[in-house]
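Here the structure comes first, spelled out in structure tokens, and everything after it is commentary.
The values are calculated or read from the model by the stated rules, or taken from the named source; none is laboratory data. Worth saying up front: this structure is predicted, and the values here are computed from it rather than measured. Ideal geometry is used to build each Cβ from the backbone, glycine not excepted, and the neighbour counts take in all protein chains shown. SASA here: full protein model, heavy atoms, side chains in, ligands and nucleic acids out. Shrake-Rupley method; radii C 1.70, N 1.55, O 1.52, S 1.80 Å.
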Amino acid sequence: MNVFTSMKKMFVTCMMLVASMNMMASTVAEVVAAGVQDNASTSGTVVATYSQGFLISDGTGYILTYLGTDYDLSLAIGDVVTVSGATSTYGGLLQFGKTATFEKTGTAEFTQPEPEVLDGAAMDAYLDAPYIKYVQYTGTLGINGYYYNVTVDGASKAVGSISYVPEGLVDASLDGKKIIVTGYSIGFSGGKYVNTMGVNVVAAEEEGGNEGGNEGGDDVVVTEGNLLQNASFENWESDKPTNWTGIGHNATIKKSNDAKSGSYSIEVVGASANKRLASQAYTLKAGTYKYSVNVKQTGDAVGMFRLGYVPIVDGKAGTYVYITEAATVTAEWTEVSCEFTLDATTEAALIIMNSKNGKGASVLVDDVALTTTDGGLVDGAGDNEEEEEQQPVSGTIAEIIAAGAQGAATTSGTVVATYARGFLIGDGTGYILTYVGKESGLAVGDVVTVSGATSMYGGLLQFGNTSTFEKTGTAEYTLPEPEVLDAAAMDAFIASPSIKYVQYTGVLSINFERGYYNVDVAGTETAVGSIQYPIEGMVNADWNEKEITVTGFLIGVSSGKYVNTMAVSVVEGGTGIEVVDADVTPIYFDITGKQIEAPIRGLYIKKVGNKITKEFIQ
């Protein structure tokens, strides 16, 4: 064997040793200390499980493996496993995610430690410094669908949350009763929920719990924004809208594509008797509420409707309370609002009645809202907790879109356009809209991180008005060349929406009363351009009934025909894109559409002849 061959074998042996060392499993403490990794591995004993994963310990620490609905429930306490895969943070703690793999390598005897008893103050403190520990707390159980929340006496903010409850752990008859929860704290969500992997849940009296405790503890009251779930009827299961058709409901209903916003509304079919669309039950605190509904007639038939609510007493409908008189539905979407006051905490379902006085005509309903300044939802009843319970998705915009609607998602990008209700960001992998419901204060070129629930609207994924965003910097951004859409392309977009930068020409039609800016493009069979929530000064009112050219981002479809557009530029005339002479004097506008005579350093909309671009002036 010559020297070269010997050295070569030594080198290969060393490389194999290094590779072997890199693949060796670390202790749990070492994995946690290393932070987020693409490929980590550790071993330990299963100390607790829930329906979507398990928790292991090796004596140096604990780590959660969250596998989602793909988890096969194959492990039990005492199983020894090796877990490998990417790690990420959720609820302030490190965990293995859905892509992780595990292998059972044996079993071991395991005895749970003595739990640390948490009072209300300790629960509140947990939100600031989360940890995995075997704990026990006492509170009142509230079951809402898949969510099992526990209101703990003395906690000013924290609420216990038994996560992904396995079958048989919680007796449904304990709903509304005092219970003792023993299990592992595994992080927090929604800023207030102390997520718990339950090991044992019993009625308080079974453990000799303090039944004489403070039953009058502070309510957790939700007062911000719309208190109703699925208020725009976008989510359906088995031909019924989720969170509707509750106690008091007796109407025949249909999904309709004629929507005030989004993709769907609900048709309440008329009859010779009064027919009621009822929401799910909500527990409302004493206070004054504003109840608003958008209604429209179907075809030429003119229906009538009334608004009200029905108290729920012992699980049954009480006496119906109607707030409005029967009113006629019009051929256009019309918002109708009323107010009612509750003198005490009341469990109730909201009612939209198709009156028999409408002689059997159907009524379309969309965009229902219930708001208050002094009332609210007690104990989070009816509160959409999907965001708190789901594991977060974090990644590029393309990855967020691929994941579909999520209760918690995070992504970053550069603002490429804004309108009076939010902004659009891109990161090179795709675009996603954030609908804030008001002006965001952001400008094109701002770099932001957006976090919150995502949902489908107009055929596309977006962040909603409960999301949060943080500006982290600025970047130079140049708009791409817009794709010029003719009538056929406008119609094709209805069937297959996507976010892209476009330009189209048509006749502007302004509904000043309702703030609609529609653009009729010649030759379309169905599609109508719709300039969504234009920033003040973007559209000149004098252009009504005149030909204009719109340049901006398409952001979805509504009512089956409107091509929703976040406009970057709106100019009078049917110009399209043309190549212009170099000596044509450019005109500059700021991001709000205001013309700037002498632009200084910054980002501007630049119009040269008939060509519109964006330019960053140094």
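Close amide H contacts of Thr60 (hydrogens built in the peptide plane, cut-off under 5 Å, sequence separation of 5 or more or a different chain): Val28, Ala29.
Dipole check for the stretch 450-505: with +1 at the C-beta of Lys and Arg, -1 at the C-beta of Asp and Glu, and the Cα centre as origin, the magnitude is about 240 Debye. 3J(HN,Hα) couplings calculated from phi for the stretch 241-250 with the Karplus curve 6.51 cos²θ - 1.76 cosθ + 1.60 (θ = phi - 60°) are, in sequence order, x, 5, 6, 10, 6, x, 4, x, 6, 9 Hz; Gly and Pro show x.
Beta bridges from DSSP with both residues in the chain: antiparallel share about 90 percent, rounded to the nearest 5. Here's the picture: charge each Lys and Arg Cβ at +1 and each Asp and Glu Cβ at -1 in the chain, and of Asn465, Asn257, Ile400 the one pushed furthest to the positive end of that dipole is Asn257. Computed 3J(HN,Hα) for the stretch 522-527, one whole-Hz value per residue from the Karplus formula 6.51 cos²θ - 1.76 cosθ + 1.60 where θ = phi - 60°, is 4, x, 6, 8, 10, 5, glycine and proline marked x. Placing unit charges on each Cβ (+1 for Lys and Arg, -1 for Asp and Glu) gives the stretch 408-495 a dipole about its Cα centre, and among Thr449, Ala489, Thr418 the Cα reaching farthest toward its positive end belongs to Thr449.
Using a 1.4 Å probe on the protein chains only, how many percent of the accessible area of the stretch 77-164 belongs to carbon and sulfur?
51
If the segment from Thr373 to Ala76 were pulled out straight at 0.36 nm per residue, it would be longer than the present Cα-Cα gap by 102.1 nm.
Could you pull out the pairs from Lys260/Lys594; Lys260/Lys359; Lys240/Lys561 whose alpha carbons sit more than 26 Å apart here? Lys260/Lys594, as the Cα separations exceed 26 Å there. Annotation: per residue accessible area for the chain equals 47 Å², rounded to a whole number [probe 1.4 Å, protein chains only]. With contributions of -39500 (n - 2.57) from each DSSP H run of at least four residues, the per-residue ellipticity at 222 nm computed over the chain stands at -2500 deg cm²/dmol.
Roughly how many percent of the accessible protein surface of the stretch 437-547 is carbon and sulfur, given a 1.4 Å probe and a whole-percent answer? Roughly 47 percent of what the probe reaches on the stretch 437-547 is carbon or sulfur. Computed about the Cα centre, the dipole magnitude for the chain is approximately 980 debye when only Lys and Arg (+1) and Asp and Glu (-1) carry charge, each at its Cβ.
In the context of the full protein assembly, Trp236 retains an accessible surface of approximately 40 Å², using a probe radius of 1.4 Å and ignoring ligands and nucleic acids. If R0 is 41 Å, what FRET efficiency do you get for Asp542 and Thr474 from their C-beta distance, rounded to 0.05? Once rounded, the FRET efficiency stands at 0.75.
Amide H contacts of Gly187 (H built 1.01 Å from N, in plane; Pro and chain starts excluded): Tyr131, Asn195 sit under 5 Å, all sequence-distant by 5 or more or on other chains.
Tally Lys and Arg at +1 and Asp and Glu at -1 over the other residues with C-beta under 14 Å from the C-beta of Val447: what net charge comes out?
Charge balance in the 14 Å sphere: -3.
Once the C-beta distance of Ala203 and Glu597 is scaled by a Förster radius of 56 Å, the resulting FRET efficiency is 0.15 to the nearest 0.05.
Amide H to amide H, with H built 1.01 Å from N, Leu67 comes under 5 Å of Gly53, Phe54, counting only residues 5 or more places away or on other chains. Across the stretch 460-465, coupling constants 3J(HN,Hα) worked out from phi with the 6.51/-1.76/1.60 Karplus curve, θ = phi - 60°, read 9, 7, 8, 7, x, 6 Hz, and Gly and Pro carry x. The lysines within cross-link reach of Lys104, meaning a Cα-to-Cα straight distance under 28 Å and a gap of 8 or more places when in the same chain, are Lys133.
The solvent-accessible area of Ser569, taken with every protein chain present and a 1.4 Å probe, is close to 10 Å².
When the listed pairs Lys285/Lys316; Lys255/Lys285; Lys296/Lys546; Lys275/Lys316 are checked against a 24 Å cut-off, the alpha-carbon distance exceeds it for Lys255/Lys285; Lys296/Lys546.
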